[in-house]
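The values are calculated or read from the model by the stated rules, or taken from the named source; none is laboratory data. On a predicted model such as this, the values are computed, not experimentally measured, just so you know. The area values use the complete protein model at the heavy-atom level, side chains included, leaving out ligands, DNA and RNA. Shrake-Rupley method; radii C 1.70, N 1.55, O 1.52, S 1.80 Å.
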Amino acid sequence: ENTTRCPPFDSPSATPCESGSAPHLLTSNHTVIILLTVFVASLAVVSVFANGIIIVAICRTRLNSDTNSIPILLILSMSVSDAMLCAVILPLLALEIFYNGTWRLGADICALRMSLDFILTATSVSHVACLAFDRYLSICRPFYHRRLTMRAGLLAVTVCWTLSIVECAL
């Protein structure tokens, strides 16, 4: 049987995506495995649906050059990132849980999963930081905040995605 170790269920000393390592079982209780698999799969479906609602709602409204559009643009981009994370990473996690912590999709898919997980999670966290900074400016520097344009929001979104991708590549 060709199995590979893939985080998060690998041992602390294991190299990510290494082949041929000894199995590290999550549990010997099959009921727990089924319940965890169903929970993670359900979480993926609900999260994709919820983020989809946010994306559709924002896309149906008009983004204009008003400074209130900057946080909306950040929320839209973060929802896209979160929806991608829940549509790709959580199903792979559910599959890994189903196989009791054993990765069966090979080292290449494991490496892709780890990279996407890092990029999408870092992007989401970066968006939260930008939203916090936007709120800081609107409260503590309102005159400066009013001068921000949609271009500043697009720049913030671009920086969030680019930094996450570059950081993953390093």
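Taking the accessible area of segment 30-169, probe 1.4 Å, and keeping the other protein chains in place, the carbon and sulfur fraction comes to 73%.
Please list MET78, MET114 from largest to smallest accessible area, probe radius 1.4 Å, with all protein chains kept in place.
Working: MET78 35, MET114 60 Å².
Correct descending sequence by accessible area is MET114, MET78.
Estimated at the nearest 10 Å², the accessible area of ILE97 is 10 Å² with a 1.4 Å probe. Distant-in-sequence amide contacts of TRP103, defined by a placed amide H-H separation under 5 Å and a gap of 5 or more residues or a different chain, comprise THR4, CYS6.
Stretched out straight at 0.36 nm per residue, the stretch from PHE143 to HIS30 would grow longer than its current Cα-Cα span by 34.7 nm.
Got a sec? What order do LEU90, LEU74 fall in by accessible area at 1.4 Å, biggest, i.e. largest, first?
Values: LEU90 30, LEU74 0 Å².
Highest to lowest solvent-accessible surface, that is LEU90, LEU74.
The accessible area of CYS59, taken with all protein chains in place and a 1.4 Å probe, comes to roughly 90 Å². Rolling a 1.4 Å probe across the protein heavy atoms gives segment 30-169 an accessible surface of 58 Å² per residue.
Residue separation times 0.36 nm, minus the C-alpha to C-alpha distance between ILE53 and ASP108: what's the value? Each step should come with its number before you reach the end.
Details: separation 55, 0.36 × 55 = 19.80 nm, distance 3.24 nm.
So the extension gain works out to 16.6 nm.
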